[in-house]
Amino acid sequence: MTANPAAPQRFLDEDKSLACVHCGLCLGACPTYLETGNENESPRGRIYLMRALQAGRLVLSDAAVRHIDLCLGCRACETACPSGVQYGALLEATRDHIEQTHRRSAFQRFLRRIAIERVFPFPARMKLALWPARLARKSGIARWLPKFLRDALSLVPANASSIHLPAVVRSTIASVKGRVGFIQGCVMSVMFGDTNAASVQLLNQAGWDVAVPPEQICCGALYAHSGNLERARECARRNIVAFEKLDLDAIVINAAGCGSTLKEYGHLLHDDPAWVERAERFSAKVKDLTEWLRLEDFKFQISNFKPVTYHDACHLAHPQRITKPPRDLIQAVVGKQFVELPESEVCCGSAGSYNLTEPEMAERLQRRKVENILKTGAEIVVTTNPGCILQMRAGLEKAGATHVRVLHIADFLAEAANPGPRAKKNSTTNNH
Ligand code: SF4
Ligand code: SF4
């Protein structure tokens, strides 16, 4: 990086950026630092860079942008930081600043502005896009494509399921506890419809009626992470309107990445006096599925399970700090067959759309994750985020470890709570 004089830029919250005291205690938690050993690819280095940009001590060069782009946004540094630095907020503000002031290559613009922002958040468009992608995989054309496209296609599931959920799904148990809202998610509703159905089934079995307002849209995470905060705010406002008219005990989400964005609507709209209170009320109701389900609501029978391990999805473990409830639920099913995954909390390289925009680092982290999974001897890996599932399945397939199944925790629990046809279905539809 070259230090050139530049006009000071005001894009960071000064107090938040000054909270970093450069102690370096976050370095060992940062996946890109673990992989490169380079201070510029660490949280401390990136915060230093953000502050230099803001102060005008550094121009926004391609090299500076690379260091920010290579950040996964996993927020493991927040969990590790004793000073409470809000790295995620700093990163979002910096990315927003970059997208407004820096001109990217034509390819990166296409990827970010068209593929990620105009396809992924729209289920109907994503369904259309999946069709040629699946054809390319099945026909074998994929092997003639450049490596980054082959890697992208390896993430496309052969058996994506898309299920339309009714606006209300009532619990059939005698003592209904109340009513919760359910967020369907963009990727979840197109590729993991069965998992959404399993989540609703579990909520019903636990005594909750489930409302699925059809007006809900993308949570805004894809926009916020790619530096388009204004569009993320529009998504937040639309979702607040869709859910606040219902009288709900909670708003349940089964995708960790979306959950952390939904819980931060108050922060996203903090500068908008007309919305901030409504946003905070909305966020206070958001619960991850594993946070909301109670062990006592189910009668799991510890059965003949093979060893099972658990991968902490970054946005559940770090921004939401939820690590124990999913482990408790899994252990209720498999008992002593639960085995801890080394580096469970280190990102698998999926990180939203990171595996598309930064395929090289994504692949290094994917390999690292697969090596750790294989060390456990587990035959089932459970997790809580669709991107992690696709990334780990693709990595295991590349490693020839197709005997290892990767399951969303809702599918895993539904299979345990309802042995029979569903269990059979999961076992036949899981692996790619
Ligand atoms: S982000 Fe936190 S842990 Fe990392 S260097 Fe700054 S103060 Fe230390
Ligand atoms: S968000 Fe993740 S990749 Fe980025 S600096 Fe923090 S720990 Fe490192």
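The values are calculated or read from the model by the stated rules, or taken from the named source; none is laboratory data. From a predicted model like this one, the values you see are computed outputs, not experimental measurements. Here the Cβ positions follow ideal geometry from the backbone for every residue, glycine too, while neighbour counts run over all protein chains shown.
Structure summary
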read-out	value
Complete set of residues in segment 99-122 that are assigned to a loop (DSSP other than H, G, I, E, B) and either of a type in the set (Phe, Trp, Tyr) or in contact (Cβ under 8 Å) with a residue 60 or more places away in the chain (or both)	PHE120, PRO121, PHE122
Near pairs, Cβ below 9 angstrom, 6+ apart or cross-chain, from segment 368-392 (free of Cβ contacts under 8 Å to residues at least 40 places away in the same chain) to any residue that is charged (D, E, K, R)	VAL370/LYS398; ASN372/GLU343
Residues within segment 323-351 that are at positive phi and surrounded by fewer than 20 Cβ atoms within 10 Å (Cβ to Cβ), tallied	2
Close pairs (8 angstrom Cβ cut-off, 6 or more residues apart or separate chains): farther than 13 Å from CYS30 by Cβ and in a loop (DSSP other than H, G, I, E, B) in segment 79-98, among the basic types (Lys, Arg) and more than 10 Å from ligand 2 (Cβ to nearest atom) anywhere	GLN86/LYS16
Scan of segment 73-89 for residues that are more than 6 Å from ligand 1 (Cβ to nearest atom) and either among the β-branched types (Val, Ile, Thr) or in contact with a Ser or Thr (Cβ under 6 Å, 6 or more places away or on another chain) (or both), ordered by number	THR79
Lone qualifier among THR376, THR383 - being closer than 27 Å to CYS71 by Cβ and either of a type in the set (Ser, Thr, Tyr) or assigned by TED's automatic domain parsing to the domain that holds LEU34 (or both)	THR383
Among (1) on the phi > 0 side of the Ramachandran plot; (2) in contact with a strand residue (DSSP E or B) (Cβ under 9 Å, 6 or more places away or on another chain) - the single one ASN204 does not satisfy	(1)
Qualifying positions in segment 31-74 - buried (at least 18 other Cβ atoms within 10 Å of the Cβ) and of a type in the set (Gly, Ala, Ser)	SER42, GLY45, ALA64, GLY73
Selection from segment 277-322 of residues that are closer than 20 Å to PHE243 by Cβ and surrounded by fewer than 20 Cβ atoms within 10 Å (Cβ to Cβ)	GLU277, ARG278, GLU280, ARG281, ALA284, LYS285, GLU291
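So that you can scan it fast, the table gives a plain yes or no per residue for (1) among the charged types (D, E, K, R); (2) at pLDDT below 95; (3) within 27 Å of MET392 (Cα to Cα):
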{"site": "ARG233", "(1), (2), (3)": "yes, no, no"}
{"site": "ARG238", "(1), (2), (3)": "yes, no, no"}
{"site": "TYR310", "(1), (2), (3)": "no, no, yes"}
{"site": "HIS318", "(1), (2), (3)": "no, no, yes"}
{"site": "PRO325", "(1), (2), (3)": "no, no, yes"}
{"site": "ASP328", "(1), (2), (3)": "yes, no, yes"}
{"site": "GLN331", "(1), (2), (3)": "no, yes, yes"}
